[in-house]
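Following: one structure in structure tokens, then a few remarks.
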Amino acid sequence: MRANLVSPSSAHLSYAIRDIVKFGELVRRYGVEITWENIGDPIAKGEKIAPWIREILHEVVEIDDSWGYCPTEGFREAREALAAHVNARAGARVSADDIIFFNGVADAVAKVYGFLSPHARVIGPSPAYSTHSSAESAHCALPHLTYDLDPENGWLPDLVDLRRKIEKNPSIAGILIINPNNPTGAVYPVEVLEQIVALAREFGLFLVADEIYIHMVFPGVETVHLSEVAPDVPAIVMRGISKELPWPGSRCGWIEVLNRDQDQNFSAYVDSLVAAKRLEVCSTSGPQLAVPRVFDDPRYPAHLEARARMYAERAQEALRELGSIPGVRVNPAQGAFYMTALFEHGALNHNNRLPIADPTLREVVERQCKGAAPDARFVYHLLASTGICVVPLTGFYTPHPGFRFTLLETDDAKRAWIFRTLAQALRDYLESDKGAA
Ligand SMILES: Cc1ncc(COP(=O)(O)O)c(C=O)c1O
């Protein structure tokens with residue numbers, strides 16, 4: 001080629017949640033049945049869409065507009081309905097003009113970082129969700145900047161660390177919050193959100209809040225939408241229907257722009273996001289027409305409650321199996337449908353192994369483990385030994401070794417097997433070096 005075709009940003013793209021699939025497929029070729037515990041897709045794990053939501057989609061199909069393009073920002077009726085939801089919670093704060101549809105939150109993420117000046121950085125949580133961390137990193141071709149989530153404190157943000165990093169680095173222009181959190185399952189109390197808002201206010205920063213799981217907070221756990229605690233700080237809140245309907249295949253999400261009038265530069269940046277979206281014409285039309293019909297249906301609150309209760313019970317089920325293994329720390333999820341298991345300091349070493357019957361597969365795993373992070377070594381052994389595919393925690397931009405698994409399996413017996421097998425594998429793995437020591 002006359003010129004290098006490869007963008008320097010490409011080195012910063014990684015998505016551990018799907019990267020592990022390649023090795024899973026390889027292991028499958030050796031006859032191991034794989035249980036995919038890596039991806040947050042409730043449909044793939046057998047969840048059935050509620051019949052009344054299906055009926056709404058049948059109605060939407062009958063609307064001619066659902067088959068055409070829509071305005072770049074999205075259908076007015078859907079944007080008005082979503083603005084009314086924000087205002088019902090947080091007072092008269094936004095108008096339909098402040099709601100902009102995207103092809104899923106992931107598309108919003110790509111635009112939000114992709115059209116941000118490369119000199120303006122957004123600091124995000126660690127462990128990080130790769131869609132954000134990779135996109136932020138790629139927008140400036142530099143490593144992502146992170147603040148710590150503290151496993152000793154229920155994975156809540158370490159606000160001292162966040163302040164210190166903001167003070168030290170003047171290129172930080174924004175703070176990312178993911179609440180409820182992927183991968184940790186933590187839910188942030190109001191005071192934590194208020195303190196992050198106060199930091200943004202103090203340093204003249206904007207906020208990005210990924211609230212894709214905000215309607216999946218477990219019973220008895222308290223949090224709020226960012227719109228309820230950020231009356232004056234410019235912010236972009238990301239929402240969608242992939243997880244809560246759940247309809248990940250809709251590729252439908254939106255942003256709520258808060259307090260745009262507070263800062264001209266922020267407002268110009270939001271205009272640039274719409275201009276970028278205009279090049280694509282618009283986002284998926286049909287799902288937008290379904291959103292207000294589902295959200296305003298009197299059956300929806302009960303639907304959300306039942307799902308939150310279901311995941312809360314599954315989190316307890318996981319905790320019962322995995323919560324008391326020496327060398328492993330498991331914080332119970334408080335929302336969303338993920339949990340992380342963390343290896344305590346010194347628990348892992350390079351002699352740990354799980355039994356793998358097929359000698360050729362054992363060699364494949366040994367090769368894969370060369371130079372791999374200690375938690376990835378566990379994940380590779382787990383895959384080959386049990387067929388369970390989880391994601392190494394260090395794939396989420398964190399030095400903490402561990403792994404993320406989901407609470408999504410719908411078959412009760414299979415789910416019980418997954419948690420039981422994970423627990424046994426952890427015990428066996430951590431015990432396996434005792435003879436060698
Ligand atoms: C925190 C978070 N944000 C965004 C997404 C992607 O959302 P969407 O399907 O709307 O693109 C996910 C998917 O797992 C997620 O966990």
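The values are calculated or read from the model by the stated rules, or taken from the named source; none is laboratory data. Note that the coordinates shown come from a computational prediction; the quantities given were computed from them, not determined experimentally. Neighbour counts run over all protein chains shown; Cβ positions are idealised from the backbone, glycine included.
Some observations on this one:
- Elements of the type helices (runs of 4 or more DSSP H) sitting completely within the stretch 325-437 and holding at least 2 residues that are over 23 Å from Ser133 (Cα atoms) and acidic (Asp, Glu): these cover 359-369, 412-431.
- Failed item, numbered, when Pro332 is tested on (1) more than 30 Å from Ile418 (Cβ to Cβ); (2) at pLDDT below 95; (3) out of contact with any Phe, Trp or Tyr (no Cβ under 8 Å at 6 or more places or on another chain): (1)
- Apart from one condition, Asn38 fits all of (1) within 14 Å of the ligand (Cβ to nearest atom); (2) modelled with pLDDT of 90 or more; the exception is (2).
- Residues that are away from the ligand (no atom under 16 Å from the Cβ) and buried (at least 21 other Cβ atoms within 10 Å of the Cβ) within the stretch 206-228 comprise Phe206, Phe218, Ser227, listed in sequence order.
- Unique match (being closer than 23 Å to Gly74 by Cα and away from the ligand (no atom under 11 Å from the Cβ)) among Ile236, Ile241: Ile236
- Of the strands (runs of 3 or more DSSP E) lying entirely inside the stretch 79-197, those containing at least 3 residues that are touching a residue at least 40 places away in the same chain (Cβ under 8 Å) are 99-102, 121-126, 172-178.
- Matching entry among Tyr30, Tyr69 (being of a type in the set (Ser, Thr, Tyr) and either within 20 Å of Met238 (Cβ to Cβ) or not assigned by TED's automatic domain parsing to the domain that holds Asn181 (or both)): Tyr30
- The lone exception for Ala268 - which of (1) in a helix (DSSP H, G or I); (2) farther than 21 Å from Phe206 by Cβ it fails: (2)
- Of the candidates Tyr30, Tyr15, the single residue that is among the aromatic types (Phe, Trp, Tyr) and modelled with pLDDT under 85 is Tyr15.
- From Trp254, Trp247, residue being under 17 Å from Ala96 (Cβ atoms) and within 13 Å of the ligand (Cβ to nearest atom): Trp254
- Selection of the stretch 309-329 for residues being within 20 Å of Pro399 (Cα to Cα) and either in contact with a Phe, Trp or Tyr (Cβ under 7 Å, 6 or more places away or on another chain) or buried (at least 24 other Cβ atoms within 10 Å of the Cβ) (or both) yields Gly327, Val328.
- Within the stretch 112-137, the set of residues being within 26 Å of Thr72 (Cβ to Cβ) and surrounded by fewer than 22 Cβ atoms within 10 Å (Cβ to Cβ) comprises Gly114, Phe115, Ser117, Pro118, Ala120, Thr131.
- All of Ala306, Ala336 fail the test of being aliphatic (A, V, I, L, M) and surrounded by fewer than 16 Cβ atoms within 10 Å (Cβ to Cβ), apart from Ala306.
- Whichever residue in the stretch 40-78 is among the aliphatic types (A, V, I, L, M) and either touching a Lys or Arg at 6+ places or on another chain (Cβ under 7 Å) or not in a loop (DSSP other than H, G, I, E, B) (or both) and, among such residues, is surrounded by the fewest Cβ atoms within 10 Å (Cβ to Cβ): Val61
- Filter result for Pro298 (outside any helix (DSSP H, G or I) and either within 16 Å of the ligand (Cβ to nearest atom) or more than 30 Å from Leu422 (Cβ to Cβ) (or both)): yes
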